[in-house]
1. Looking at (1) assigned to a strand (DSSP E or B); (2) surrounded by 14 or more Cβ atoms within 10 Å (Cβ to Cβ), can you tell me which one Ala419 breaks?
2. Evaluate the following for Asn360: is it in contact with a strand residue (DSSP E or B) (Cβ under 6 Å, 6 or more places away or on another chain) and under 23 Å from Gly416 (Cβ atoms)?
3. Out of (1) surrounded by fewer than 16 Cβ atoms within 10 Å (Cβ to Cβ); (2) hydroxyl-bearing (Ser, Thr, Tyr); (3) touching a residue at least 40 places away in the same chain (Cβ under 8 Å), the odd one out for Thr194 is which?
Amino acid sequence: MRRVSEGGGTNGGRLWEAVRAVPRTLREDLCTVARDPLPSLRWLGRLPHAHAVLFAVLMGLANANQYEPQLEPATSAATTTVATAAAMAVTLLVVLQSGAAMLALSRPVPAWWLSTLALFLARTVGETKVSHAPLWSWSFPGIALHTFVLFLLALRVRPRVAAEALGLTLLSGLTAWAFAAPAQQPSLLQDAMTCTTAVVVGASLRGRRVARSQLVEQEVRTADERARRTLLEERNRIARELHDVVAHHMSVISIQAQVAPHLVKEPTDELKENLAGIRENAVEALTELRRVLGVLRSEDAPSDGVRHAPQPTLGRLDELVGKVRATGLAVVIETTGQPRPLPPGVDLSAFRIVQEALSNTMRHAPGAAVRVDLGYRPGGLTVRVTNTAPDRPAPPSPGAGHGLLGMHERTAMLGGELATGPTPDGGYEVTAILPTHTAEPAEPGEDAP
């Protein structure tokens, strides 16, 4: 029994706390004059705003015609003064209702307060009545204006705030009906159904707009994340290839440093010590390089056979072009300048750039003719791959690729430049300038930069 009592006391305490929090919640939600303009539509722009203003003006004129002071024939100056004051009060309330509908375009919460106050006073101030006996507690234009304000409110605020505004609207209607002397039998049920429908429709449209905005934001975040992941994958690939290139040369240095003392007759101890230091540094550098690669390597690392296979160079470009031609793509290779051995990083990057460019052409420009230009210059190598316009539509791509990202990464790694973009004839062009020169050592007596 004690546990039941304690549980009942706890539930009652929670209910009391919730009831006590209602005024604070209403104050936080509805006591604001913050500006929240109605957003423009994609195709119609500000046209709905103009229609809303026109609707408020027309309903205001209709509302003015609906209400009339219940005036007795003026028998005295005092009676005439009272009738005039009542007419002015009704006119002011009509203007306030129309003005609230216009204000709701920019400040929905203050506009709702103004419209609710005007609707309440229209039932309680003076001896006013509707000029005929409709099924509404208020005039039809007045209800239409307040319903429109509730609709604009529900379009901008959270559903909880819209529900609070609807509840207070119905409460004000019940209060006005209870303490006023209506000229005809009120029908609050129709008024409540109309206002509730407006809030439900407005909240539904707001939910749809918010969901669409969140979907667009999610698509942008997904695209950014995909680009970032693709970039990291390409960097991992470059790191592995760079490891293979550098590791080969470091291994050669280590072996040569180990063999060199045996090639010299009676080598000095100083020479042996220097060569041993060179070999030790080469081994340490190779170990550190493998450790860094282990950090950068992605989870789906290639198999041992692929990982330890020799990296391709421009010497295998004919083999690559032959495979591409076998798919039906016409490829022409032009070489300018005197071909010469290139640094391993430049040789590998040039091959990969041509490979990615040819792959993109096969994927996005079926039936196009491709031209590969290799320009050997004293300070570097220029790689230019162009294709003509495709002769048929390309099949849809399964997803975002990383060809262009990889080209940019490789070119930036070498300190070169890359330019990509469409050509005037409808094709595409990729041009990479890869420097091959290295910094020259400083002259004796000069400070190294």
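The values are calculated or read from the model by the stated rules, or taken from the named source; none is laboratory data. Since the model is a prediction, treat every value here as computed from it, not as a measurement. Neighbour counts are summed over all protein chains in view; Cβ atoms, including those assigned to glycine, are modelled from backbone coordinates with ideal geometry. Heads up: the accessible areas ignore ligands, DNA and RNA and are worked out on the full protein's heavy atoms, side chains in. Shrake-Rupley method; radii C 1.70, N 1.55, O 1.52, S 1.80 Å.
1. Just one mismatch for Ala419, condition (2).
2. Answer is no for this residue.
3. Checking Thr194 against (1) surrounded by fewer than 16 Cβ atoms within 10 Å (Cβ to Cβ); (2) hydroxyl-bearing (Ser, Thr, Tyr); (3) touching a residue at least 40 places away in the same chain (Cβ under 8 Å), the one that fails is (1).
Matching residues to (1) modelled with pLDDT of 75 or more; (2) open to solvent by 40 Å² or more (accessible area, probe 1.4 Å):
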| residue | (1), (2) |
| --- | --- |
| Ala56 | yes, no |
| Ala89 | no, no |
| Leu92 | yes, yes |
| Val95 | yes, yes |
| Ala101 | yes, no |
| Leu105 | yes, no |
| Val109 | yes, no |
| Thr116 | yes, no |
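Conditions tested, residue by residue: (1) at pLDDT 90 or above; (2) under 38 Å from the mean Cα position of the chain (by Cα); (3) open to solvent by 30 Å² or more (accessible area, probe 1.4 Å).
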| residue | (1), (2), (3) |
| --- | --- |
| Leu320 | no, no, no |
| Lys323 | no, no, yes |
| Ala330 | yes, no, yes |
| Gly345 | no, yes, no |
| Gln355 | no, yes, yes |
